[in-house]
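In what follows, a structure is listed as structure tokens, so that the remarks can point back to it.
Taken together, the values in this text are just the output of simple stated rules run on the coordinates, not laboratory data. Because the structure is a prediction, the values reported are computed rather than measured. Counting neighbours? That spans all protein chains shown, and the Cβs are built from the backbone with ideal geometry, glycine included.
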Amino acid sequence: MLKEIFKPNPEFAKDALIPSMDAYWKLQNKAIEDYDGFWKDFADEKIEWLAPYDKVLDESDAPFYKWFTNGKLNVSNQCIDRHLETKANQNAIIFEGDKGDVEHITYAQLSQRVNKMANLLKNEFGVKKGDRVVLYMPMIPEAAYAMLACTRLGAIHSIVFGGFSSAALRDRIEDAEAKIVITADGAFRKGKPYMLKNVVDEALTKGAKSIEAVLVVKRNFEEITWKEGRDHAYNDLIDAQSDVCPFEAMDSEDPLFLLYTSGSTGKPKGVLHTTAGYILWAQMTMEWVFDLRKNDVFWCTADVGWITGHTYIVYGPLAAGTTTLMFEGVPTYPDAGRAWKMVQDHNITQFYTAPTAIRLLHKTGEDEPKKYDLSKLRILGTVGEPIDPHAWKWYYETVGNSKCAIVDTYWQTETGGHMISPLPGATAIKPGCATFALPGIIAEVIEEDGTPTPVGEKGLMCITRPWPSMIRNIWGDPERFKKAYFGDCKKEGKAVYFTGDGAMIDEDGYLTITGRTDDVINVSGHRMGTAEVEAAIDEHNAVATVAVVGVPHEIKGEGIFAYIVLKNPEDASEELKVAINKVIKAEIGAIALCDGIAFVPDLPKTRSGKIMRRILRSIVKGEEITQDTSTLEDPSIVAIIEGIVKES
């Protein structure tokens, strides 16, 4: 494991928004001593209020907390209108298509297009405050226009990732009782058109009776089926709309959006976020964690269908008044240098991606970053899962030229924004470690009864005070909300938010996330975090990426099974398996030795890069695959892995 500590660059730190740990602790201690006052100061500074709020935090109906009660604002105004006096000609969005087509959209142009979209929804389809609008969109600017148009009208948008199946789309439409679907004919991926409208058609054929209209953006201009009276072409209607649409004054606690999270079974959970608290924290974390400065160009590689895309492609960057990049394609097409060429061409200053993508970029083009001018980069970010130290080192040295700060951000759909992260001008970084909770976030590693977990031991990662951007409810299911998030841990007799993750605190107070508690493998009574084992395996220089799961074991209860993608597939051998176990023994101990290893060509990943470990667990157990594999980047990989495991 990488033991070195990387201190902030002094030249960087002197101009940083939070320039030292003393400055960090000054903020955090203010929050600890005067929680309401801390949040009031930032709410008054950051939000353009249309009417003042009465109370900062109302805890009377916990865990249904309310923030900034009776305040009035509008997120579209926060992200667009208030910037127009000073930033009208600044780029708000830079779009690059899969085929390399580029469009620059200024704040003035964004205002016009969002207003037109809002008028289209209002005048042609009767969309109004409180209506639910489902977006099933590719990564094109119209997705952002639609999101912001909904916020302008007070409609509640629910984005369904464009890789989800028709059944997943239908379930989400039905649960939200949506009025309209906004989609596209399709888009481009790896140089080829793919289709979305046909998936919407199938979803509506099998249910989703609440839908009154489908609005279709023509992107790839492939032939699609049009249903008379229901389907409408955005491109044919938008030009006739006025570019002036007054925004709705929204209450602080009015719903802003729904975003559904799915498990392996059961009904999807509609995570509900509300208006003021969400946009406040999106802006604050955008500014703090990425140390925003004038003329920055920020690129988050996520999709708007995930919370990362909501908060750090659209709402956070635009609320902060910076320039955000939207990218339709994949970072390795047409070659492994695509991402770095884009960083060079668009003068990217902050690059934010998933560890899975980092490992893929490393595997497919270890030396590619050296071919491009990445000198404008100041901050590199990671999101979605713990980053192993091996990938961190390549990211830091090769991509960042050993000068960029790396922010390893920990958060969830339910938290709305970052919870734990280094601050680039303040925090000394331990690779693979999430470091410290952000100012205002009270994060603790405890046992179920609230007892603090001893230093160096694994406990439960909990947020023990409410925070503004927290989930407010599960749509239509408040009992499930309480049980899912406030049913496991208590502190001083009061239910607190349990993240579902394990964590530990070291002797320096640093937080390390050890993985989902349901991803913990119990080997002979010893809990092994999958992230910890994966990081050890990744230390072997033959390994490109790895996923570890638990497998039933007659003696130990559970054993460890590793799926490993090699840098060079020809290196696969029984001798290599032995060598990998030797690394594990050296890094963790004999307790963590793998009972089985399968060398596979790839792992089952969603298009956002998330590894579907539930599928891997089912394969090694010999179970039938019941999960929806249509959301995978390459669904055929499942059968390939099944064949390899059966033979091993």
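Can you give me the Cα centroid spacing of region 611-648 and region 73-117 in angstrom?
After rounding, the separation between the Cα centres reads 42 Å.
Once each part is reduced to its C-alpha centroid, what is the distance from region 164-220 to region 273-315 in angstrom?
Going from one Cα centre to the other spans 26 Å.
Kindly state, to the nearest 0.05, the FRET efficiency for S375 paired with K14, given R0 = 22 Å and r defined as their beta-carbon distance.
Working: r = 19 Å, r/R0 = 0.88.
Efficiency at R0 = 22 Å is approximately 0.70.
Relative contact order (percent) for the chain, with alpha-carbon contacts under 8 angstrom and 6 or more residues of separation?
13 percent
For labels at E177 and N401 in the simple 7 Å Cα→Cβ model, what's the distance in nm?
Inter-label distance under the simple model: 5.7 nm.
If R₀ is 25 angstrom, what is the calculated FRET efficiency for the pair K483 and K55, using the beta carbon separation as r and rounding to 0.05? Intermediate values should be presented prior to the final figure.
Details: r = 28 Å, r/R0 = 1.10.
E between K483 and K55, to the nearest 0.05, is 0.35.
Taking the Cβ of L603 as the centre, find all other residues whose Cβ is under 15 Å away and add up their charges (Lys, Arg: +1; Asp, Glu: -1).
Working: positive: R359, K363, K567, K605, R607, K610, R613, R614, R617; negative: E385, D388, D519, E534, D538, D602, E633, D634, E642.
With Lys, Arg at +1 and Asp, Glu at -1, the net is 0.
Projecting each Cα onto the charge dipole of the chain (Lys/Arg +1, Asp/Glu -1 at the beta carbon, about the Cα centre), which of Y145, T382, S158 comes out farthest on the positive side?
Y145
If neighbour count is taken as other Cβ atoms inside 10 Å, put F257, F481, F95 in order from fewest to most.
Working: F257 26, F481 23, F95 19.
Ascending Cβ contact count within 10 Å gives the list F95, F481, F257.
Nothing charged except the Cβ atoms of Lys and Arg (+1) and of Asp and Glu (-1): what's the magnitude of the dipole of the chain about its Cα centre? Round to the nearest 20 debye.
Details: 72 positive and 94 negative charges, 120 e Å.
Charge dipole of the chain: 580 debye, to the nearest 20.
To the nearest 20 debye, what charge dipole does region 53-93 have about its Cα centre, counting +1 at the Cβ of each Lys and Arg and -1 at the Cβ of each Asp and Glu? Show your work: numbers first, answer last.
On the way: 5 positive and 6 negative charges, 38 e Å.
The dipole of region 53-93 has a size of about 180 debye.
Please list, in order, the residues from region 508-551 whose amide nitrogen is less than 16 Å from a point placed 7 Å along the Cα→Cβ vector of K582.
Only 537-543 pass the distance filter.
How big is the charge dipole of region 496-648 about its Cα centre, in debye rounded to the nearest 20, if each Lys and Arg gets +1 on its Cβ and each Asp and Glu gets -1 on its Cβ?
Charge dipole of region 496-648: 240 debye, to the nearest 20.
Quick check on the exposure proxy: order E287, E447, E575 from fewest to most C-beta atoms within 10 angstrom.
Working: E287 19, E447 15, E575 9.
Result, fewest neighbours first: E575, E447, E287.
So how much slack lies between E366 and E492, counting 0.36 nm per residue of separation and subtracting their Cα-Cα distance, in nm? Walk me through the numbers on the way to the answer.
Details: separation 126, 0.36 × 126 = 45.36 nm, distance 5.04 nm.
Answer, rounded to one decimal: 40.3 nm.
Putting +1 on Lys and Arg Cβ atoms and -1 on Asp and Glu Cβ atoms, find which of V216, P468, I420 reaches farthest to the positive end of the dipole of the chain.
V216
Between S210 and D595, 0.36 nm times their residue separation minus their Cα-Cα distance comes to what?
Values: separation 385, 0.36 × 385 = 138.60 nm, distance 5.07 nm.
Gain in length upon complete extension: 133.5 nm.
Say a paramagnetic label sat at a point 7 Å from the Cα of D239, along Cα to Cβ; which residues of region 92-119 have their backbone N under 13 Å from it?
Answer for this model: none.
Any idea how far apart E575 and D34 come out in nm if each label point goes 7 Å out from Cα toward Cβ?
Calculated label separation equals 6.8 nm.
Return the percentage of antiparallel bridges among DSSP beta bridges fully within the chain, rounded to the nearest 5 %. Don't skip to the answer; put the middle values down first.
Details: 61 of 101 bridges.
Of the beta bridges lying entirely in the chain, close to 60 percent run antiparallel.
Among 404-412, 58-66, 315-323, 211-219, what's the highest-first ranking by average C-beta atoms within 10 angstrom per residue?
315-323, 404-412, 211-219, 58-66
Suppose we keep just the DSSP beta bridges with both residues in region 524-647; what percent of those would be antiparallel, to 5?
On the way: 12 of 16 bridges.
Antiparallel bridges: around 75 percent, rounded to the nearest 5.
Using the 10 angstrom Cβ neighbour count as an exposure proxy, how do Y352, Y312, Y194 rank, fewest first? Don't jump to the answer; show the numbers that get you there.
Numbers: Y352 22, Y312 30, Y194 15.
Fewest-to-most ranking of Y352, Y312, Y194: Y194, Y352, Y312.
Between T626 and R293, with labels modelled 7 Å along Cα→Cβ, what's the label distance in nm to one decimal, could you check?
Calculated label separation equals 5.4 nm.
Between K393 and D44, what is the FRET efficiency for a Förster distance of 41 Å, r being their Cβ-Cβ separation, to the nearest 0.05?
Numbers: r = 42 Å, r/R0 = 1.03.
Using R0 = 41 Å, I get an efficiency of 0.45.
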